[in-house]
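J.: This is the structure I want to talk about, given as structure tokens.
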Amino acid sequence: MAGMEFLDGILADQPYVAGDEFSVANITAFVGLGFADFAEIAIPEEYGHLNAWRQRVGARPSIAH
């Protein structure tokens, strides 16, 4: 969970993983969390920034087809 905690902390101060713009870093993190779903590893509710980011990214037209 340390990685999720780290990402949650990053996302507390900026809208995307690598700053103010959507980038390949967000795609990589999103795919990694998809693997976590496959492995049945849930994002804890207390990581609100990470959960909100995941919903926001998942709603992008390029992903939510």
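J.: Quick check on the chain: helices-only [θ] at 222 nm, where DSSP H runs of length 4 and up contribute -39,500 (n - 2.57) each and the sum goes over total residues. Nearest 500, please.
T.: That comes out to -17000 deg cm²/dmol.
J.: Over the chain, with a single point scatterer placed on each C-alpha, what log10 of the ratio I(q)/I(0) does the Debye formula yield at q = 0.23, 0.24, 0.29 1/Å?
T.: -1.02, -1.11, -1.53
J.: Gain in length, Ala18 to Ala2, computed as 0.36 nm per residue apart minus the alpha-carbon separation, to one decimal in nm?
T.: Length difference between fully extended and current span is 4.0 nm.
J.: Between Glu45 and Ala59, with labels modelled 7 Å along Cα→Cβ, what's the label distance in nm to one decimal, could you check?
T.: The two pseudo-label positions are separated by 2.1 nm.
J.: Convert each backbone phi in the range 20-31 into a coupling constant with the Karplus relation 6.51 cos²θ - 1.76 cosθ + 1.60 (shift: θ = phi - 60°), then list the ³J(HN,Hα) values in order as whole Hz, x for Gly and Pro.
T.: Per residue, the Karplus-derived 3J(HN,Hα) values read 8, 10, 5, 8, 4, 4, 5, 4, 4, 5, 5, 5 Hz.
J.: Another question, if that's okay. Just going by the charge dipole of the chain, with Lys and Arg at +1 and Asp and Glu at -1 on Cβ, which of Gly3, Ile43, Asn26 is farthest out on the positive end?
T.: Asn26
Only the coordinates and a few stated rules stand behind these numbers; no lab work does. The structure displayed is predicted, hence computed values, not measured ones. As a convention, Cβ positions derive from the backbone with ideal geometry for all residues, glycine included, and neighbour counts pool all protein chains shown.
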